[in-house]
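What follows is calculated from the coordinates using simple rules that are stated; it is not laboratory data. Worth saying up front: this structure is predicted, and the values here are computed from it rather than measured. Methodologically, a virtual Cβ is constructed for each residue, glycine included, from the backbone with ideal geometry; neighbour enumeration extends over all protein chains shown.
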Amino acid sequence: MTNDENVVAQMNYCINSLTNIVHNKSMSVLEHESDQLINNLTMQQIIGLPEIRDFRIDLMDAVSKFEITEEERNLMRRIQSIKRDNMKWAAISNALSPTMLLTGNGGFGPQLAFQSLLSAARSVVEYKTMQGEQNIEELQAMWELRKEDMQTINELRKSAQGIVFDLYNKYHLNESDRLTEATANIFNDYITIADASRRLRLLQDNYEVYKQIPEYYYHLGMAYLDKGDYSNAKKQFSVYLQMYKRTPILRYDERSGCIALAMLTYDKTLSTGEKEELVSVAIKNLPSNSAAVLQCAMVYIYELREAEKGFQLIRAGIDDPQASDRDVLFMAAANLLPYAKSFPPVYRAILETFKNTTSVSFDSFLTYLIGCPVLCS
């Protein structure tokens, strides 16, 4: 990684993060960007970059004023739960059949479940959950309470321009290296277009504008994937991973995690070792993403035949206080209890989670109660 590449990556990340918050007016975007700024940006890469350091501090100070409460976070998790999408929920539930697992006759069920879980894992990373958020009164009420605090964020837009000028002067950067507020806004519009064909065309049409930005190749790959063209998607993913490797400014990279899930879902040439490596990449880079946890658990159970590791992942995901969607993990645990009995330590731990929590959905708890009297005898 050259110093110039690091400067460009840091500069564009801060500009894009600021623009996302201002442009989207969304609680889910605000929560995600705040978490990334406060908890995920690395420190090592800003050594010797006082301009970036100072701007990051100002941006973190600004977002900290929004003070998203734990109650509000829990509400957002419920609103964004997979359970609200009946088709995805059914696809996942149908694949989690103990009979199917015990006989090894998964059929097409696991593939449909993997596709649904990949979609759910991507939704937060790609801000798909904020589409239609304006129609959810609870989220709009949260945003209205924070309107006054937006002034602090807006004031940073002025200082951002000064910092960009200083960086250009100091490092002799090219105009094509940077995102402007306008190009960042337009890019955000492109990547949230539901029609994959149109999204792909617009991204291809604007290659010259965004070709220096690693994120461009991630979204280009996902557009190909959504059109059913995994071969071309994989090529774009490779470009993204190579570019990000040169400028690793995050402690964990959610996009790398989603790429790993996509490969686990669609690449039928993977060896056992490659699958294990991709599971590790996904778990490392998508912490607390319940959909990712469940997909990786199902890879262990269905494809690698290491069911105990799969159940351990489900148990750990349920215990994670930051889990994005515990409902889907409780549903998986309840459905798979008969199979989990083969592994007494993790089986008992899962039973304890059901006994000691009040947040299990009615359907999952009923499934647990139906199986438990026989299983616990």
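Over the chain, with a Gaussian network built from C-alpha contacts below 10 Å, which listed residue (ASN206, ASN335, ASN174) shows the highest mean-square fluctuation?
ASN174
So what's the angle, to the nearest 10 degrees on a 0 to 90 scale, between helix 3-24 and the longest Cα principal axis of the chain?
70
Before rounding to the nearest 500, sum -39500 (n - 2.57) across all DSSP H runs of length at least 4 in the chain and divide by the residue total; then give [θ] at 222 nm in deg cm²/dmol.
Result for the chain, helices only: -21500 deg cm²/dmol.
Tell me the net charge near VAL279. Cut-off is 15 Å between Cβ atoms, VAL279 excluded, with +1 for each Lys or Arg and -1 for each Asp or Glu.
Local charge sum for VAL279: -3.
Could you work out the local net charge near ILE350, counting Lys and Arg as +1, Asp and Glu as -1, over the other residues with Cβ closer than 13 Å to its Cβ?
+2
In the stretch 273-305, which trypsin sites (Lys or Arg not before Pro) are in a loop and have at most 12 other Cβ atoms within 10 Å, using DSSP for the loop call?
Sites meeting the loop and neighbour criteria: ARG305.
Sort out the exposed loop GluC sites (Glu not before Pro) in the chain (DSSP loop, at most 13 other Cβ within 10 Å) and tell me the longest stretch that has none.
It runs 149-377.
Starting from the stretch 174-237, pick out the trypsin sites (Lys or Arg not before Pro) whose DSSP state is loop and whose Cβ has at most 16 other Cβ atoms within 10 Å.
Answer by residue number: LYS211, LYS227.
Mind listing the long-range amide H neighbours of LEU41? Cut-off is under 5 Å, sequence gap 5 or more, other chains count too, H placed in the peptide plane at 1.01 Å from N.
ARG251
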